[in-house]
Amino acid sequence: MTEFKHHIEVHNLSTWFGKFAVLKDISCYFEDNTVTAVMGPSGCGKSTLLRSLNRLNDLVPTFRREGEVRFRGQDIYETGYSVYDLRKQIGMVFQRPNPFPMSIRDNIEYGPRLHGIKDDDELEKIVETSLKKAALWDEVKDDLEKPAPNLSGGQQQRLCIARALSVDPPVLLADEPVSALDPISAAKIEELIVELKKDYTIIMVTHNVQQAFRVSDQAAFLYLGELIEFDKTERILEAPADERTEAFITGRIG
Amino acid sequence: MSGRRESLIAYLLSVTQSRRHFMDFLFKVFLGVIILIVVSPFFLILIQVASIGFWQVFGSGPGQGIEFFTTFPGVGLEGGIRNAFVGTVELIVLASAVGIPLSVFGAVYITEYTTPGWGRAIVEFASDVLAGIPSIVFGAFGFAFLVDFLHLGMGIVAGSLTLAFMMIPTVLRTTQEALRAVPMSLREASLALGATKWSTTWNVTLRAAFPGLITGVLLAIGRVMGETAPLIFTAGNSLSVPTELTGSGSWVASMPYTIWAYISDPREYLQAKAHGTALALMIMVLTVDIIANIISRKVTRRLV
């Protein structure tokens, strides 16, 4: 086992889409059992950073990178590193709820089944614990066979969180998980994220400063692909060290 | 009643009020006439075919109704069309068994596994051109390539393969459209759980695309069901059903071919049988189209 301090560490990461440089020499780490907010104005590379952590950027043919992303001390871009095992360890929740066009139960069972769990009792237990962790169990426990796309937007997003938790990943990525939801659903999901950090390392992209303040413990501020600040959220928001951070917090850029 | 009449009079008065009102009214009438002309062929064909063939299909006399489909033509073609009905069903089943997997997996490869570029453009261009080729050309190709060059001979194999070729462009392109309509984020959600590309494609993407895919498949089936030209040179004809896969025992009749043969026959009583067959074929194609329609309407409800 390789020695490591944090589940995920980023070392001098630069990325390009074609000739366009998106991230420029980024180094940071994500403290275990905390929520890290990745903030910044639109187009600053927040999502690209997040997607570099589970290699989802590999889907883009023109994607190129330099530098390392270490998961448990091992570079995930190393030749021979299994991207499928990596993604089992790093769950992801997307901007818009994206349940599979299947029943609620099948949505949750999909991941565990992929990784070889076939026992019905075990799957049953996973469905229940995942939905409970995502605070959805009480609302859907009698409707597990109903199609997931029939749920409300907020419920769908919590289902997606439950789906991500179904394979029990230590790390959870969230790409603006509440920006497509109504305020009440959004508040529920924020609460849920704070609750989940007891057991998971959560990295959340957001362009909402208040949300970062409410939810996160540490924060990274990105601007035009550069990591401007990386520290405790409170410190960044109360006393920004860089004027660009201040401009973002006060709403002058965004 | 008088209320409606009064409002009609009021309407006509307003129409004659000015030149602009009148032109507006005239255009409305014009469009109404156009739409009558547009839909009339369907009803005229239906009436013409049904007026001669209706009792063949729905009557209860000897050789009519269900008997029309269950008896062979026999001596002097005085019996039913069991050979053609069974032949068409067999041809369609075989053509689908070959054509659908080829086109669906072809579409999957082109849409999911390649990036936009030359390769994809060539395949799309080729299948678009293929879709526009007249069916008689498929028949001629089937004869030259399958029957002659590959020595398959006429019969059910060459006939259904020719139909399969005809299905490919339609099914390929509609499958492509259905796959493209699946939101990228569904694929990403699956991949982010550690799924392989194939697992994602099979369990998520194709599943989400299924309603659109099945619509294309059914439309293609409906289309080739009524094709005569590709079968003339490739399927042969038979008064019975095929018993072998090659040789003269594999010759097979089909409903469109039978319609053509019976209508061009001088014997008067074959006219009713030809029109009965035509009516049955129309009903079959219509049924397939209606099923396709119902499924395609469900698409919007099932996707996010």
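Every number here is computed from the coordinates shown, using simple stated rules; none is lab data. Owing to the predicted nature of the structure, the values given are computational and were not obtained by experimental measurement. Counting neighbours? That spans all protein chains shown, and the Cβs are built from the backbone with ideal geometry, glycine included.
Sorted from fewest to most neighbouring beta carbons within 10 Å, what does the list B:MET154, A:MET39 look like?
B:MET154, A:MET39
Scale the Cα Rg of segment A:150-245 by the rule-of-thumb value 2.2 N^0.38 Å and send over the ratio, two decimals.
1.15
What is the order of B:MET23, B:MET282, fewest Cβ neighbours within 10 Å to most?
Least crowded to most crowded, the residues run B:MET23, B:MET282.
So for segment B:72-302, taking the charge dipole from beta-carbon charges (+1 Lys/Arg, -1 Asp/Glu), which of B:GLY247, B:PHE145, B:ASN293 sits furthest toward the positive end?
B:ASN293
Identify, among B:GLY99, B:VAL15, B:GLY61, the residue whose Cα sits farthest towards the positive end of the charge dipole of chain B, taking +1 on the Cβ of Lys and Arg and -1 on the Cβ of Asp and Glu, with the dipole about the Cα centre.
Working it through, the farthest residue towards the positive pole turns out to be B:VAL15.
Explain nothing, just the number: relative contact order of chain A, from Cα pairs under 8 Å at least 6 residues apart, as a whole percent.
Normalised by residue count, the contact order of chain A is 28 percent.
Using only the alpha carbons of chain A, determine the length spanned along each of the three principal axes and report them from longest to shortest in whole angstroms.
Principal-axis extents of chain A (Cα, largest first): 53, 44, 33 Å.
Give me the percent of DSSP beta bridges within segment A:164-241 that run antiparallel, rounded to the nearest 5.
Of all bridge pairs located within segment A:164-241, approximately 55 percent are antiparallel.
Do me a favour and compute the ellipsoid semi-axes for the protein assembly as shown from its Cα gyration tensor, root of five times each eigenvalue, largest one first, whole Å.
61, 32, 23
How big is segment B:1-149 along each principal axis, measuring the range of its Cα positions in Å and listing the largest first?
On the principal axes, segment B:1-149 reaches 74, 62, 26 Å in Cα extent.
Take the Cα atoms of chain B, build their convex hull, and give its volume per residue in Å³.
238 Å³
I need to check one value: relative contact order of segment A:33-154, counting alpha carbon pairs closer than 8 Å and at least 6 residues apart, in percent.
The value is 22 percent.
What is the Cα convex hull volume of segment B:2-58 when expressed per residue in Å³?
Normalising the Cα hull of segment B:2-58 by residue number yields 105 Å³.
Roughly how big is segment A:1-115's charge dipole about its Cα centre, with Cβ charges of +1 (Lys, Arg) and -1 (Asp, Glu), in debye to the nearest 20?
Charge dipole of segment A:1-115: 420 debye, to the nearest 20.
Quick check on chain A: of the DSSP beta bridges with both residues there, what percent are antiparallel, nearest 5%?
For chain A, the DSSP antiparallel bridge percentage is about 60.
Of A:CYS160, A:CYS28, how do they rank once you tally other Cβ atoms within 10 Å and put the fewest first?
Ascending number of Cβ neighbours within 10 Å: A:CYS28, A:CYS160.
Only Cα pairs under 8 Å and at least 6 apart count here; give the relative contact order of chain B as a rounded whole percent.
24 percent
With bins 10 Å wide starting at 0, give me the P(r) of segment A:104-211 over every alpha carbon pair, in whole percents.
14, 47, 32, 6, 0
Among bridges DSSP assigns within the protein assembly as shown, what percent are antiparallel (round to 5)?
Bridges in the protein assembly as shown that DSSP calls antiparallel: roughly 60 percent.
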